[in-house]
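First up is the structure itself, then whatever we jot down about it.
The values are calculated or read from the model by the stated rules, or taken from the named source; none is laboratory data. If you're wondering where the values come from, they're calculated on a predicted model, not measured in any experiment. Cβ placement follows ideal geometry from the backbone for every residue including glycine, while neighbour counts extend to all protein chains displayed. Each accessible area value is taken on the protein alone, full model and side chains, heavy atoms only, with ligands, DNA and RNA left out. Shrake-Rupley method; radii C 1.70, N 1.55, O 1.52, S 1.80 Å.
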Amino acid sequence: MDKFSEKDIVNYVDGEMDSAERNTFEAQLLHNQELQKEVALYRNIKATLQSHVADNRADAQFKNHLASLNKQYFNKQERASAKMRSLPWNKLWYVAAILVVGLLVWAPWNKNLYQQYSNTQMVSFAERGANDRSELQKATDAFNSGDFKKAKEILMPLLNNDQQNDVLRYYLGISQVETNEVKIGRINLSKVALGYSLLKYDATFYVALSYLKEKNESACKEWLHKIPSSASNYNKAQELLKKLN
Amino acid sequence: MAANKIHSDQFYIDGLLANDSRIIKQIYDKFSAKVKRYICNNSGDEDDAGDIFQECLIDLYNQAKYKSLKLTCPFEPFFLLLCKRKWLNQLKKKSVIPVTKNDDGLLNIGEDVFSQADELEEEERQSALYLKMFDKLSERCREIIKLALSDEHQEKIAAQLGVSYGYLRKKKSECLASLIQMIKMEENKSNG
């Protein structure tokens, strides 16, 4: 064999050739520059896919670590209030004008779409038994009574012990979005949405809502469009899309 | 080009790679305020600054982990330049008012810093193309590649997908082969 296909290259780099195949391949590789380039190209593509597409536990831990530091070091509230104080009086007309425009865009007399669609009950998957008040049950109760701050506090350590648990991650994500940690909540929700969990499209819907909460309608629509007609919440997504248009 | 010597600031990169709390905290302590100031003074707010800061650290981590990045210049000007460029690119995309494309007056930036930053940007551009092509694969292919390249055991993944291990391997190389073909075609198009 003197011409190798892309499949051979993948098999070689991924260590899936038997020794005879590998020997032939490596003999060619030594002086075939074209082949060397192809191997380098696939190595590069693979590295990109590993870092941007595939799940990796260590990477997720690193990102969570940064997310928590970010919260500590970049705090928006302070900045916003500092800006307000420094506004001179003669600029107040602008502020008034912006408020009016903002009011028209926000249109509170229309029902707030986020609130209208963000009503989710946490389904308890804890078994009700003698010691009924398991942590999970407490989280469920807090979530369903709207105490997202408490739900978050209980869910966080549970998820830390069980990082692959998409159900915990989904409800934690929602609790974070509800308690104004929209960005971090969205990281958790998108992780579920991009994975292969049963809650994939529920999470997709919530990612969309998290953008809606930030008034980013185009991102919201983009995520709603990801929900296929086979998903159980397809109609709900379409309905919301219509309202946004 | 002569083999570049690794800069002693490589320990920052190693710290990111090892998810070392002490070093990462040091990075935040030393540089977050500077990035914040720059972005808040250039049509951004603190949230934007936080996002850019985090994204750049993740870029560095990915480069170090998957493309064995070695630092050949001092970390501080390099990292600040990356943050600034990323922010400028974002402003360009949002087509906000043009910003002074002055890479920086305050810092004394050497050639080595620029060339390493350029290299990294080029890598990011390539990655963006690969990912764009990846998105064009069938859903099944994307699913298989995503799982096959994760750090999970391949046998377990096969079971999760409800296929045999042999089938998973065969399908994985098929999917990746068609991805490579698509990428080559796209690269020829832009070169030719």
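Peptide B:74-85 has a mean of 0 when you count, residue by residue, the C-beta atoms of other protein chains within 10 Å of its C-beta.
Positive contributions from Lys and Arg (+1) and negative ones from Asp and Glu (-1), summed over other residues with Cβ under 15 Å from the Cβ of residue A:171, come out at -1.
The mean sequence separation of alpha-carbon pairs under 8 Å and at least six residues apart, normalised by the residue count of the range A:111-244, gives a relative contact order of 15 percent.
Using the average count of surrounding beta-carbon atoms within 10 Å as a protection proxy, the listed peptides A:182-188, A:211-217 rank, highest first, as A:182-188, A:211-217.
Which one, B:163, B:182, B:149, is farthest towards the positive end of the dipole of the range B:136-191 when Lys and Arg carry +1 and Asp and Glu -1 on their Cβ? Most positive-ward Cα: B:182. Based on Cα contacts under 8 Å between residues 6+ apart, the range B:136-191 shows a relative contact order of 38 percent. Within the full protein context, the accessible area of residue B:37 is estimated at about 140 Å² for a probe radius of 1.4 Å. Every helix of 4 or more DSSP H residues in chain B counts as -39500 (n - 2.57), and over all residues that averages to -24500 deg cm²/dmol at 222 nm.
Remark: mean inter-chain Cβ contacts per residue of B:40-49 equal 3, using a 10 Å Cβ-Cβ cutoff to other protein chain atoms. Entry note, chain B: relative contact order of 18 percent, from Cα contacts under 8 Å with a spacing of 6+ residues. Look at where the Cα atoms of the range A:186-245 and of the range A:1-66 average out, and the two centres are 35 Å apart. Taking θ as phi - 60° and the Karplus parameters 6.51, -1.76 and 1.60, the scalar couplings of the range A:157-170 work out to x, 4, 5, 4, 7, 8, 5, 8, 7, 5, 5, 4, 4, 4 Hz in sequence order, x denoting glycine and proline. What's the local net charge at residue B:157, with K and R +1, D and E -1, over the other residues with C-beta under 15 Å away? Taking every other residue near residue B:157 into account, the sum is +2.
The residues neighbouring residue B:142, those whose beta-carbon lies less than 10 Å from its own, together hold a net charge of 0 under the Lys/Arg +1, Asp/Glu -1 convention.
With 27 Å as the limit on Cα-Cα distance, the pairs of A:46/A:191; A:71/B:136; A:149/B:65; A:152/B:92 that go past it are A:71/B:136; A:149/B:65; A:152/B:92. In this Cβ point-charge picture (+1 for Lys and Arg, -1 for Asp and Glu), the range A:6-52 has a dipole of about 220 debye about its Cα centre.
Taking the protein heavy atoms of chain B in the context of the full set of protein chains, the accessible area attributed to carbon and sulfur is 51 percent at 1.4 Å.
Cβ screening of chain B for cysteine pairs under 4.7 Å finds these without a partner: B:40, B:56, B:73, B:83.
Remark: mean inter-chain Cβ contacts per residue of A:61-70 equal 6, using a 10 Å Cβ-Cβ cutoff to other protein chain atoms. When you count the other C-beta atoms within 10 angstrom of each residue and take the mean per peptide, B:51-58, B:28-35 line up highest first as B:51-58, B:28-35. For the chain pair A and B, buried accessible area totals roughly 4800 Å², probe 1.4 Å, rounded to the nearest 100.
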